[in-house]
Amino acid sequence: MPETISIPIVGSLQGQKVEALNKHLTDIKSISGFQIEAAGNIVSFTTEKPRKALPSVVSAIRDAGYDVVTEIANTPVTGMSCASCANAVQATLRGQTGVVSANVNYANTKATIEFLPNLSSIDKLQDAVHQAGYELVVNNSEETQAELENTQSEYLKTLRRNTILAAIFTIPVSIIGMFFHKMPLGNYIMWAFTTPVVFLFGKQFFVSAWKQAKHGSTNMDTLVAMSTGIAYIFSVFNTIYPQFWTSRGLEPHVYFEAAAVVITFILLGKNLEERAKGQTSSAIKKLMGLQPKTVTIIQPDGQSKTISIALLKTGDIILVKPGEKIPVDGEVLSGGSFVDESLLTGEPIPIEKKQGDKLFSGTINQKGSLQFRAEKVGKDTTLAHIIKAVQDAQGSKAPVQKLVDKIAGIFVPIVIGIAVLSLVIWVVFGGASGFSHGLLAMVTVLVIACPCALGLATPTAIMVGIGRGAENGILIKNAESLEQGHKVDTMILDKTGTITEGRPKLSDITWESGVDESSLTTILYHLEEQSEHPLAEAVCNFFEEKKGEKPLIENFESHTGKGVSGVVDGKKYFIGNEKSLLESGISIAKKLEEESIKWLENAATVIWFSDDKKALACMAISDAVKEDSAAAIKQLQDLGITAYMLTGDNEKTAAAIAKTVGITHFQASLLPHEKAAFIQKLQQEKHIVAMVGDGINDSQALAQANLSIAMGKGSDIAMDVAMMTLISSNLSSIPKAINLSKKTVNVIRQNLFWAFFYNVIGIPIAAGILYPSTGFLLNPMIAGSAMAMSSVSVVTNSLRLKWMKLK
């Protein structure tokens with residue numbers, strides 16, 4: 001039956017964007033009609049498939065330039081034991097009304113859910129997951145997190161204890177089964193030792209399988225419970241009623257050792273897997289450990305007091321002694337020291353801090369004592385933003401994971417089908433030993449199949465890769481960004497703040513002969529004071545002491561990419577580039593022209609000050625090239641990446657900077673939209689383009705690029721703008737980021753190959769495909785150990801990223 005859904009829109013529903021929205025909505029086949037209500041800022045649509053249509057409609061709204069108010073929850077999920085579980089929880093969440101997207105990551109056991117608050121709620125989603133046999137932990141308080149950690153710690157202790165006890169009980173069963181199976185009462189002894197292994201130490205597999213069965217689903221535990229349960233029951237039957245087979249001329253085989261060894265190996269594999277998975281999130285734990293639990297504040301009476309960091313408020317005065325960690329972001333009020341910011345930025349050299357300098361949470365004070373004012377506390381600190389960004393990114397999924405999810409979703413039912421089919425084929429074509437061999441083959445198929453290796457292949461590599469990036473001052477927004485990096489063949493670099501320091505200074509000024517420098521300086525200063533351009537700040541800083549009294553400025557205008565203008569005492573004045581002056585017919589004296597050429601040849605940026613008839617002054621603005629720029633660009637070129645420099649600066653300055661850093665391709669005097677158009681042109685030529693900029697002025701070009709990289713600049717990190725953010729703003733981090741992407745993608749490919757190869761080869765062998773030609777039938781014990789090690793090998797391979805060199 002058709003259902004009508006209304007979605008509140010952020011943005012004014014009028015103009016060309018509405019036309020685009022109309023077109024996008026018309027293209028969605030899963031909706032039968034829609035209505036755009038401009039008065040109420042609402043889009044309503046009718047559909048018979050609301051759960052399928054909603055994500056498409058939200059995507060269409062965003063593609064048209066609007067936004068939708070949604071809530072995003074990043075919550076732990078308990079009760080998952082394999083990749084099939086994660087897929088089941090994900091399918092449950094995606095099937096709920098109001099859910100725009102849902103991703104469940106088995107590696108870090110977290111769900112990232114985006115939903116419309118007017119259609120759903122976190123409580124409703126929690127109920128849905130509970131009905132599916134799992135639990136969504138919606139309370140993210142510190143107490144809840146601590147409780148979860150304690151629960152996980154207890155689980156690992158129990159798992160370790162059960163593994164050790166299972167191994168102790170399994171050893172005699174294996175010895176009797178392999179060497180003394182003819183001994184008197186041998187079967188009964190094995191039965192006695194196997195029972196606690198299967199039903200006590202391996203109890204978790206049967207409990208989980210039963211819970212899944214009650215909800216009509218299956219997972220890895222289903223395979224383990226079925227295989228060991230069948231082997232155990234068959235062996236018990238043959239121990240109690242051996243005459244059932246001997247009367248038919250057959251030997252009553254028992255498989256107690258198979259059931260016991262499989263349980264033990266899988267428990268061992270779980271131990272190794274959990275330990276390895278814990279190491280994949282070591283970067284997060286390291287970042288979280290950077291913030292101290294207590295802090296020393298200076299009270300109004302001048303006395304110091306130690307309080308919990310949770311009680312700290314903005315404006316509090318904090319004392320940090322040598323060797324202590326900076327607890328929150330703030331500004332130095334007194335004292336001087338050197339602060340180690342390496343764990344935040346990846347830079348090993350301590351930074352000098354004095355009055356007026358900024359401090360960031362998580363950094364380490366080294367020698368002197370500092371008093372500073374808290375400016376950002378709790379979730380607002382730089383460190384908190386970084387931790388949140390890394391957690392969100394580690395919970396995201398790479399595009400390649402979509403195929404894996406589909407396979408994991410149907411994996412267990414297919415394996416059960418293959419196992420039953422193996423038994424049937426053996427019974428029909430296996431002759432006298434057909435049933436015995438068929439049962440062994442069925443058990444072995446159930447044991448050897450491993451969706452966990454598939455489920456862990458991508459997320460563990462992504463978690464380690466993103467964590468490794470964070471440790472090196474590279475914040476990666478999501479898995480897709482990390483995967484995209486390895487494809488880049490063209491790198492676009494902004495000049496100011498990217499290749500150069502981004503701290504321009506006015507180094508020289510030449511006035512036209514005969515002008516009143518004093519009064520013109522006042523006009524120049526106060527015009528630039530209203531400009532938002534970075535170069536304007538350099539001019540104001542230079543003339544701060546000569547600024548004079550502010551005149552009345554009328555008709556002030558900012559001309560994007562050209563300059564600013566305003567009228568003072570009925571006369572129009574302009575500050576901008578030479579091109580704009582010439583286009584306006586303003587004359588330039590020969591003396592000024594010659595001076596500007598000299599400056600341009602020395603890589604300075606020249607800006608002009610004029611009235612409506614002639615140039616009054618030209619100024620040289622210098623911005624030093626970063627020390628690591630040339631080396632970083634050389635590293636990019638060595639990686640086979642073509643580097644371009646795009647700048648709004650003039651041709652001569654751009655050429656001088658490009659020559660200094662070894663760039664042969666550059667474009668000068670570009671407006672923001674022209675940078676984006678240049679990137680689009682490269683993309684049309686089939687290039688994969690990365691854009692590096694400051695994340696604000698270059699937002700149009702960053703949005704156009706296949707991979708956007710923002711230079712971080714301390715606490716003002718443009719995390720929401722770019723797919724990657726370089727916290728330290730050092731260009732040398734870019735080759736590291738590209739190398740990290742390449743290495744991570746290689747590890748993902750290796751993991752997926754071995755996970756698929758293992759299952760594609762292992763399952764047919766387990767079914768007995770080699771028996772007709774070689775007489776080989778895989779032992780369930782060997783299958784159990786192989787299955788356990790497949791997951792461990794995948795996670796271990798991902799952990800190699802932690803030690804790979806990024807340069």
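The values are calculated or read from the model by the stated rules, or taken from the named source; none is laboratory data. Since we're looking at a predicted model, the values are computed, not measured. Don't worry about glycine lacking a Cβ; one is built from the backbone with ideal geometry, like all the others, and counts go over all protein chains shown. The area values use the complete protein model at the heavy-atom level, side chains included, leaving out ligands, DNA and RNA. Shrake-Rupley method; radii C 1.70, N 1.55, O 1.52, S 1.80 Å.
A few notes on this one:
- The Cα-based radius of gyration of the range 589-628, divided by its Kirkwood radius, gives an Rg/Rh of 1.10.
- Considering helices alone, the calculated mean residue ellipticity of the chain at 222 nm is -16000 deg cm²/dmol, with DSSP H runs of length four and up weighted by -39500 (n - 2.57) and normalised per residue.
- Note on R373 and E627: their simple-model spin labels are 3.2 nm apart, each label 7 Å out from Cα toward Cβ.
- Per residue, in Å², the accessible surface of the chain once ligands and nucleic acids are set aside, probe 1.4 Å: 45 Å²
- The three principal axes of the Cα atoms in the range 507-574 give end-to-end lengths of 29, 29, 22 Å, sorted in falling order.
- Projected label distance in nm at Q680 and F179, using a 7 Å step from Cα toward the beta-carbon: 7.8 nm
- Difference of contour (0.36 nm per residue) and Cα-Cα distance, Y155 to N746: 209.5 nm
- Beta bridges assigned by DSSP with both partners in the chain are antiparallel in approximately 80 percent of cases.
- Too-long pairs where the Cα-Cα distance tops 25 Å, listed order kept, from K270/K802; K358/K659; K367/K634; K305/K376; K110/K802: K358/K659; K367/K634
- Here's the list of aspartates and glutamates a cross-link from K29 could span, going by alpha-carbon distance under 16 Å and ignoring same-chain residues fewer than 8 apart: E3, E48.
- Applying the Karplus relation 6.51 cos²θ - 1.76 cosθ + 1.60 with θ = phi - 60° to the range 519-524 yields 3J(HN,Hα) values of 5, 5, 4, 4, 5, 4 Hz, where x marks Gly and Pro.
- Computed on the chain, with alpha-carbon pairs under 8 angstrom and 6+ residues apart, the relative contact order is 12 percent.
- For the residue pairs K505/K547; K487/K743; K325/K736, the alpha carbons lie more than 22 Å apart in K325/K736.
- Taking only Cα atoms of the chain, radius of gyration then Dmax in Å: 33.6, 124
- The spread of Cα positions in the range 535-586, taken along each principal axis and listed from longest to shortest, comes to 33, 26, 18 Å.
- Cα-based convex hull volume of the range 587-673 per residue, rounded to whole Å³: 100 Å³
- Tilt relative to the chain, helix 590-601 - C-alpha long axis, 0 to 90 degrees, to 10: 20 degrees
- Per-pair calculated FRET efficiency, R0 = 22 Å: L421 and Y241 via Cβ, rounded to 0.05: 0.20
- For the range 47-187, the fraction of C-alpha pairs farther apart than 24 angstrom is 50 percent.
- Theoretical FRET efficiency, 1/(1+(r/R0)^6), r = Cβ-Cβ of K49 and K214, R0 25 Å, to 0.05: 0.35
- Relative contact order of the range 172-265: 34 percent, from C-alpha pairs under 8 Å at least 6 residues apart in sequence.
- For I72 and I769, the difference between the fully extended length at 0.36 nm per residue and the C-alpha to C-alpha distance is 246.0 nm.
- Length-normalised contact order for the range 203-246 - Cα pairs under 8 Å, 6+ apart - percent: 29 percent
- Both radii were evaluated on the Cα set of the range 540-643; the Rg over Rh quotient, with Rh as the Kirkwood radius, amounts to 1.11.
- Under the convention that each Lys and Arg Cβ holds +1 and each Asp and Glu Cβ holds -1, the size of the dipole of the range 18-164 around its Cα centre is about 620 debye.
- Residues in the range 121-138 carry Karplus couplings, in order, of 8, 5, 5, 5, 5, 4, 4, 4, 5, 4, 5, 7, x, 10, 10, 9, 8, 8 Hz; the curve used is 6.51 cos²θ - 1.76 cosθ + 1.60 with θ = phi - 60°, and Gly or Pro positions show x.
- If R0 equals 35 Å, the separation of the Cβ atoms of E352 and M804 corresponds to a calculated FRET efficiency of about 0.60.
- Proximal aspartates and glutamates relative to K742, as straight alpha-carbon distance under 16 Å, when same-chain residues fewer than 8 apart are discounted: E480, E483, D489, D638
- For the range 572-666, DSSP calls about 75 percent of its internal beta bridges antiparallel.
- Taking 7 Å steps out from each Cα toward its Cβ at A703 and E19 produces label points 1.8 nm apart.
- Cα centre as origin, Lys/Arg/Asp/Glu Cβ charges: the chain dipole, Debye: 3360 debye
- Expressed as a whole percent, the accessible surface of the chain that belongs to carbon and sulfur atoms is 56, based on a 1.4 Å probe.
- Signed unit charges on C-beta, dipole axis of the chain, positive-most listed residue V207, I410, M645: V207
- Convex hull volume of the range 21-123 per residue (C-alpha atoms, cubic angstrom): 109 Å³
- For T26 and V760, the difference between the fully extended length at 0.36 nm per residue and the C-alpha to C-alpha distance is 259.9 nm.
- Over 12 Å [Cα-Cα, the range 450-490], rounded percent: 63 percent
- The spacing between the range 735-752 and the range 356-384, judged by their C-alpha centroids, is 34 Å.
- The Kirkwood radius of the range 160-228, taken over pairs of alpha-carbon atoms, gives through the Stokes-Einstein law at 4 °C and 1.567 mPa s a diffusion coefficient of 98 µm² s⁻¹.
- Helix 83-94 vs. the chain, principal-axis angle (Cα, 0 to 90°, nearest 10): 60 degrees
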